[in-house]
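Working notes, structure below.
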Amino acid sequence: MNRYATIFATFARACLVRDMTFRTNFILECVTSLGWMSMNLAFYLLVFTFTAEIGQGTGWTREPFFAFVATGLIINSIVQALFMPSAEELTEMVRTGGLDGVLVQPLDAQFLLSMHRIDFSAFANGLVGIGLLAWALKSIDRAPHFVVWLLYPLLILCGVAILYSLVIMLAAATIWMGRNQSLYDFWFYLTNFSRYPAEIYAGPWGSPLRALCTFVIPILLVVNVPARVIAQPLEGQGWGMIFAAVFAAVASLLISRIVFQLAISRYRSASS
Amino acid sequence: MIETRSNPAVRWPGAGLRTWWMMLVISLEERLAYRGDFVLGTLMRFLPIVTQLFLWTAVFSATSRPDIAGYSRNDIVAYYLLTMVTRAFSSMPGLSGGIARSVRDGSVKKYLVQPVDYVSFLLASRIAHKLVYYIVAALPFAGVFFLCRHFFPPIPDALTITSFVLALVLSFLLGFFLEATLGMLGFWFLEVSSIVFGYMLVQYLLSGHMFPLDMLAGIGTGIPGLSLADVVRWLPFEYTAYFPAAIWLGKVQGTQLVYSLVIEAGWVIVMAVACRIAWWRGTRRYSAFGG
């Protein structure tokens, strides 16, 4: 385990050196992601000029909702920084045969393939997320219980684990299919469902969708559970959600590991 | 097979048309190779609208307003679906980057020696790209619109439909010349990705892609009597998403509709001229080395 931590630190250092070599590019990438994020925040602000709450009686008024958005920013920035750049490279590695080089290394292939490239500019959104969370919590009258402060980082990790598992399973699909650009788009569109509180998915179409995105692909647990814990009072039902999120994270990691190993065992090299 | 004419000065009638036709056919064949990916990609693009449908349903459930900026919940959903149609006309993925790349790697020089006009070639291949897209995307679009038919108001009269189609065609031309001009900046800057990003950001926000622009009517600019929506109305962006959708939904009517169509046509002319000037001036300062 220590060896993996050392190797990960080496990867991180190399990526940071690379980013700092092209400093202007790094700043531009930060500005890019901050630009898109600001636009979304502007949109939410606009929505709240027309309503006081997202969904009647849901408790998602302006400040709690921005705590929700902040939580999403933090989780997504971690995933975008640590796992997405490596996963995106995998498509080309399968097609060109570059994956062979990874498989002969005396290291776990999943570790190497999912963590060898780190995009430090993606952390910019996470930092803004922390600032936004601080502002939102300050504006909410009720201070979170100290248990909440212990649970929140744990649930953030659970959210990251669920998204990571999804990325890994899509990467495994790349190995199977040779190339799957659409599936990465699918990741983007799928995670789009986690951008809003689960309560909005109601009614004859919304309820089955909510069940699907909670129990089958637990995408709705990613942001909803930590955001609800930090922004709304922790009640009986909340504990059930916390257990569900922890269970979903562990199960997702296990399933993604099995799927990835299966995919690797079916890999046929494309190189000569 | 393309027949290259060694002497462009000796041209038979209809030769230009034939070149255009060949460029169109080549691009059609190129695009049809990935039709399966197209269908899947098209269907997935509707997924964010599902989220918007539930979001706005939740917003309306928490407010006593019957409408927001003149839009009922159904109007808003219909609006998002219609902007998908508009964006299918006005979005030009890869155009700016492709032009800048051809300047950077020198491949643009073949258009300087061949009797083919680069801008016309790009336009023909873009028309082909769009035609294939519409042929393949027609089915998923029709399916989604049929399923969502109850969100739409009754089908408008023939004049409104004609205006809608005209606005769509103009939005295609506007999108093309806007992005082609951005790409031509590659003659000066080589790498235009930051400029394109800045454009995309402004375009996404001010085109009405995110929300109906009428919602900006209540936001002031600091100048008495002038809202943000009034300012946006004079910019070219709203014609690439908002305007055609607003025509179909009856949000722009009568003289306002005529004025807006004239402004849209004006922007198409301005950008076509800007694109042509950028090409002329760019090629004059362009230098390529090697084979």
Looking only at residues that are part of a helix (DSSP H, G or I) and touching a residue at least 60 places away in the same chain (Cβ under 8 Å) in the stretch A:196-205, which one is surrounded by the most Cβ atoms within 10 Å (Cβ to Cβ)? A:200
Among B:86, B:42, which is the only one that is within 14 Å of another protein chain (Cβ to nearest Cβ), closer than 23 Å to residue B:140 by Cβ and buried (at least 18 other Cβ atoms within 10 Å of the Cβ)? B:42
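Name the helices (runs of 4 or more DSSP H) wholly within the stretch A:45-140 that hold at least 3 residues that are farther than 30 Å from residue A:13 by Cα? Step through it out loud before you land on a result.
Numbers: elements: A:62-82, A:84-96, A:99-103, A:109-115, A:123-139.
Filter on the stretch A:45-140 gives A:62-82, A:123-139.
Give A:97, A:57 a once-over and let me know the one that is on the phi > 0 side of the Ramachandran plot, within 14 Å of chain B (Cβ to nearest Cβ), of a type outside the set (Ser, Thr, Tyr) and out of contact with any helix residue (DSSP H, G or I) (no Cβ under 8 Å at 6 or more places or on another chain). Quick ask: steps written out before the conclusion?
Numbers: A:97 fails: within 14 Å of chain B (Cβ to nearest Cβ).
Among A:97, A:57, only A:57 is on the phi > 0 side of the Ramachandran plot, within 14 Å of chain B (Cβ to nearest Cβ), of a type outside the set (Ser, Thr, Tyr) and out of contact with any helix residue (DSSP H, G or I) (no Cβ under 8 Å at 6 or more places or on another chain).
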Just one of A:186, A:193 is within 14 Å of chain B (Cβ to nearest Cβ), closer than 19 Å to residue A:252 by Cα and in contact (Cβ under 8 Å) with a residue 24 or more places away in the chain; which is it? A:193
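Inspect the stretch A:224-247 for any residue being within 14 Å of another protein chain (Cβ to nearest Cβ) and either buried (at least 17 other Cβ atoms within 10 Å of the Cβ) or touching a Ser or Thr at 6+ places or on another chain (Cβ under 6 Å) (or both) and give the result as yes or no.
The first filter runs over the stretch A:224-247 and keeps only residues within 14 Å of another protein chain (Cβ to nearest Cβ), leaving A:224.
Filter once more, keeping what is either buried (at least 17 other Cβ atoms within 10 Å of the Cβ) or touching a Ser or Thr at 6+ places or on another chain (Cβ under 6 Å) (or both): A:224.
Within the stretch A:224-247, one or more residues are within 14 Å of another protein chain (Cβ to nearest Cβ) and either buried (at least 17 other Cβ atoms within 10 Å of the Cβ) or touching a Ser or Thr at 6+ places or on another chain (Cβ under 6 Å) (or both).
Quick check on my filter: what residues within the stretch B:217-259 are of a type outside the set (Val, Ile, Thr), part of a helix (DSSP H, G or I) and buried (at least 21 other Cβ atoms within 10 Å of the Cβ)? It would help to see each step written out before you state the result.
Let us first name the residues in the stretch B:217-259 that are of a type outside the set (Val, Ile, Thr), namely B:217-218, B:220, B:222, B:224-230, B:233-239, B:241-246, B:248-251, B:253-254, B:256-257, B:259.
Add one more test, that the residue is part of a helix (DSSP H, G or I), and what stays is B:217-218, B:228-230, B:233, B:237-239, B:242-246, B:248, B:254, B:256-257, B:259.
If the condition is that a residue be of a type outside the set (Val, Ile, Thr), part of a helix (DSSP H, G or I) and buried (at least 21 other Cβ atoms within 10 Å of the Cβ), then B:237, B:238, B:239, B:242, B:243, B:244, B:245, B:246, B:248 are the ones that fit.
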When every residue in the stretch B:212-251 that is over 21 Å from residue B:56 (Cα atoms) and in contact with a strand residue (DSSP E or B) (Cβ under 8 Å, 6 or more places away or on another chain) is compared, the one farthest from the other protein chains (Cβ to nearest Cβ) is B:226
Tell me yes or no: at least one residue of the stretch B:165-184 is in contact (Cβ under 8 Å) with a residue 40 or more places away in the chain and either over 19 Å from the mean Cα position of the chain (by Cα) or over 17 Å from residue B:90 (Cα atoms) (or both). yes
If only one of A:122, A:143 is more than 13 Å from chain B (Cβ to nearest Cβ) and free of Cβ contacts under 8 Å to residues at least 24 places away in the same chain, which one is it? A:143
Which residues, counting only those in the stretch B:180-211, are assigned to a helix (DSSP H, G or I) and away from chain A (no Cβ under 12 Å)? B:180, B:181, B:182, B:183, B:184, B:186, B:187, B:188, B:189
So residue B:83 clears everything in (1) assigned to a helix (DSSP H, G or I); (2) in contact with an Asp or Glu (Cβ under 9 Å, 6 or more places away or on another chain); (3) modelled with pLDDT of 90 or more except one condition, right? Which one? (2)
Would you confirm whether or not the stretch B:130-145 contains a residue that is over 16 Å from the mean Cα position of the chain (by Cα) and of a type in the set (D, E, K, R)? no
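Matching residues to (1) in contact with a helix residue (DSSP H, G or I) (Cβ under 9 Å, 6 or more places away or on another chain); (2) in a helix (DSSP H, G or I); (3) under 23 Å from residue A:103 (Cβ atoms); (4) of a type outside the set (Asp, Glu):
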position: A:168; (1), (2), (3), (4): yes, yes, yes, yes
position: A:192; (1), (2), (3), (4): yes, yes, no, yes
position: A:207; (1), (2), (3), (4): no, yes, no, yes
position: A:214; (1), (2), (3), (4): yes, yes, no, yes
position: A:246; (1), (2), (3), (4): yes, yes, no, yes
position: A:255; (1), (2), (3), (4): yes, yes, yes, yes
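Suppose the filter is within 14 Å of another protein chain (Cβ to nearest Cβ), within 26 Å of residue B:200 (Cα to Cα) and under 23 Å from the mean Cα position of the chain (by Cα); does residue A:34 pass it?
Numbers: within 14 Å of another protein chain (Cβ to nearest Cβ): yes; within 26 Å of residue B:200 (Cα to Cα): yes; under 23 Å from the mean Cα position of the chain (by Cα): yes.
Yes, satisfied.
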Just a yes or no: is a residue in the stretch B:124-133 in a loop (DSSP other than H, G, I, E, B) and not basic (Lys, Arg)? no
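The values are calculated or read from the model by the stated rules, or taken from the named source; none is laboratory data. Since this is a predicted model, take the numbers as computed values, not measurements. Because the Cβ atoms are built from the backbone with ideal geometry, glycine has one as well, and the counts that use them run over all protein chains shown.
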